[in-house]
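Peer 1: The structure under discussion is supplied below as structure tokens; questions concerning it will follow.
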Amino acid sequence: MTTRRVLAVAALVGAAAIATIAQAPQGPQSQGALQQRPGADRTPEFPVPNIREYKPHSTLVVPQHPVPRAKFPVIDIHSHQPAPISEQQFETLVKSMDPLNLQLLVNASGVSGDRLVQSIAALKASKYKDRMVQFATINWGQTITPGFGERAAKQLEADAKAGALGVGEIMKNFGLRVKKSDGSRLKLDDPELDPIWQTAARLNIPIFIHTADPQEFFQPINLANERWLELALYPDRRYPSSQFPTWEELNGERDRLFKRNPKTTFITAHMGWHANDLARLGKMFDEMPNLYTEVGAILYDLGRQPRAAHDFFIKYQDRILFGKDSYQPDEFPYYWRVFETNDEYFDYYRDYHAFWKLYGLGLPDPVLRKLYYQNALKLFPALPRAGFPQ
Ligand SMILES: [Zn+2]
């Protein structure tokens, strides 16, 4: 090819690439890496490593600011702990919380009835009583029979009286697996459940709810799937459309549930699995003033879009609470580093969540305070105040 033809072709390819970007913000623009390039027909002389083996050390030299301890005391509204917890277990737990500046855990392994009474009694009797509170739950039982909603609402009333500050975590089996007595799937927005949501509104008890799972869990498991490794590792995270509702079906039911109960406060766990599409979550916040969210187990999505996520956290600073989900003390510092610093291209801790690196959002102190504890204190006025700046 003459130089002029090469340039003309390059210009065409460039124009096509720009057109693709304009049409589809995600996906196709990255296909450039997959197009035939000079030398693409070469075969590696060494065996090609698998995706778990190839972990090159980064040669990037940039400032590093690890954050072992959060800048402000933190409320983790999404913890999973024994209920009831023994004093020995509690002591071990608190010892692991202190160096992280984790001041208060919400046990979102919710329990109900006698077990709730016992769990709260154990916390209240402890010398660490200001370090954990307990949520209630909804026991779905075998199948949902007519009158279930009324009975569950009555139980919630008793659980609130016993001291539960919230309901949750309502797990993803609600929507994916809970069945009605006629064998059909219990939809999230089934009117049978309205008494529960209305009772929660009247008692001012927020509902902490996990719906569906990352969208890729509902997609074909192939090499274009971002979560291929996780799906290969965990059979119970695969939701083929032959056996499960689609991701959008569940989101639709969820959004109708939230909208139909505007006086009920809902906290959608894991940023509603929209941390990879913050504009969508922002639209939900705009449309639903009763909606809040929590950041558990989606750090990989925030850390790969530090500028967009920073702006989102500024804009919706009153709607986002800190939560971690699985309690692994050595994983919290990754959260602190993403939220607090402007560090670039640093490691994440779980290869099956993400094969990419993280970047810091560099959130300003007033926003960090809201995220770490102020929003939770506002939403749950009965939380212990000890340990938080007044
Ligand atoms: Zn959870």
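Peer 1: Within the range 157-179, which residues are over 16 Å from Leu257 (Cβ atoms) and either without any contact (Cβ under 8 Å) to a residue 60 or more places away in the chain or within 15 Å of the ligand (Cβ to nearest atom) (or both)?
Peer 2: Within the range 157-179, Glu157, Ala158, Asp159, Ala160, Lys161, Ala162, Gly163, Ala164, Gly166, Arg177, Lys179 qualify.
Peer 1: Just to be sure before I move on: is Ser184 farther than 30 Å from Arg238 by Cβ and away from the ligand (no atom under 16 Å from the Cβ) in the structure I sent?
Peer 2: It is false that Ser184 is farther than 30 Å from Arg238 by Cβ and away from the ligand (no atom under 16 Å from the Cβ).
Peer 1: Filter the range 320-340 down to the residues that are away from the ligand (no atom under 16 Å from the Cβ) and surrounded by 20 or more Cβ atoms within 10 Å (Cβ to Cβ), then identify the one that is farthest from Arg304 (Cα to Cα).
Peer 2: Here the residue is Ile320.
Peer 1: Taking the range 274-300 only, how many residues are part of a helix (DSSP H, G or I) and away from the ligand (no atom under 16 Å from the Cβ)?
Peer 2: 11
Peer 1: Given the residues Val106, Val117, Val74, which is the only one that is more than 25 Å from the chain's Cα centre (by Cα) and surrounded by 15 or more Cβ atoms within 10 Å (Cβ to Cβ)?
Peer 2: Val117
Peer 1: Working only within the range 121-139, note down all residues that are within 16 Å of the ligand (Cβ to nearest atom) and either of a type in the set (A, V, I, L, M) or open to solvent by 10 Å² or more (accessible area, probe 1.4 Å) (or both).
Peer 2: Met132, Val133, Ala136, Thr137, Ile138
Peer 1: A follow-up question, please. For the range 103-118, name all the residues that are assigned to a helix (DSSP H, G or I) and not charged (D, E, K, R).
Peer 2: Gly113, Leu116, Val117, Gln118
Peer 1: Now for a different question. Answer yes or no: is there a residue in the range 302-311 that is hydrophobic (A, V, I, L, M, F, W, C), touching a residue at least 40 places away in the same chain (Cβ under 8 Å) and within 16 Å of the ligand (Cβ to nearest atom).
Peer 2: no
Peer 1: Could you go through the range 327-336 and let me know if any residue there is in contact with a Gly (Cβ under 8 Å, 6 or more places away or on another chain) and closer than 21 Å to Ile209 by Cα.
Peer 2: Within the range 327-336, not a single residue is in contact with a Gly (Cβ under 8 Å, 6 or more places away or on another chain) and closer than 21 Å to Ile209 by Cα.
Peer 1: Report yes if Asn251 is of a type in the set (S, T, N, Q), free of Cβ contacts under 8 Å to residues at least 60 places away in the same chain and surrounded by 20 or more Cβ atoms within 10 Å (Cβ to Cβ), otherwise no.
Peer 2: Yes, satisfied.
Peer 1: I'd like to know if the range 110-120 contains one or more residues that are of a type in the set (S, T, N, Q), over 22 Å from Gly387 (Cβ atoms), more than 16 Å from the ligand (Cβ to nearest atom) and out of contact with any Leu (no Cβ under 9 Å at 6 or more places or on another chain).
Peer 2: Checked against the condition, which is being of a type in the set (S, T, N, Q), over 22 Å from Gly387 (Cβ atoms), more than 16 Å from the ligand (Cβ to nearest atom) and out of contact with any Leu (no Cβ under 9 Å at 6 or more places or on another chain), the range 110-120 yields at least one hit.
Peer 1: List the number of the failed condition for Lys263; all other conditions in (1) surrounded by fewer than 19 Cβ atoms within 10 Å (Cβ to Cβ); (2) free of Cβ contacts under 8 Å to residues at least 60 places away in the same chain; (3) basic (Lys, Arg) hold.
Peer 2: That leaves (2) as the condition not met.
Peer 1: Residue by residue through the range 352-368, note down the ones that are open to solvent by 50 Å² or more (accessible area, probe 1.4 Å) and either modelled with pLDDT under 95 or among the aromatic types (Phe, Trp, Tyr) (or both).
Peer 2: Phe355, Tyr359
Peer 1: Now a separate question. Only one of (1) charged (D, E, K, R); (2) closer than 27 Å to Tyr239 by Cα; (3) surrounded by fewer than 20 Cβ atoms within 10 Å (Cβ to Cβ) is not met by Glu150, so which one is it?
Peer 2: (2)
Peer 1: Without any contact (Cβ under 8 Å) to a residue 12 or more places away in the chain, open to solvent by 60 Å² or more (accessible area, probe 1.4 Å) and within 17 Å of the chain's Cα centre (by Cα): is that true of Ala224 in this structure?
Peer 2: no
The values are calculated or read from the model by the stated rules, or taken from the named source; none is laboratory data. Source: prediction; values computed, not measured. No Cβ is skipped: glycine too gets one built from the backbone with ideal geometry, and neighbour counts run over all protein chains shown. Side chains are part of the model used for accessible areas, which takes the heavy atoms of the whole protein and leaves out ligands, DNA and RNA. Shrake-Rupley method; radii C 1.70, N 1.55, O 1.52, S 1.80 Å.
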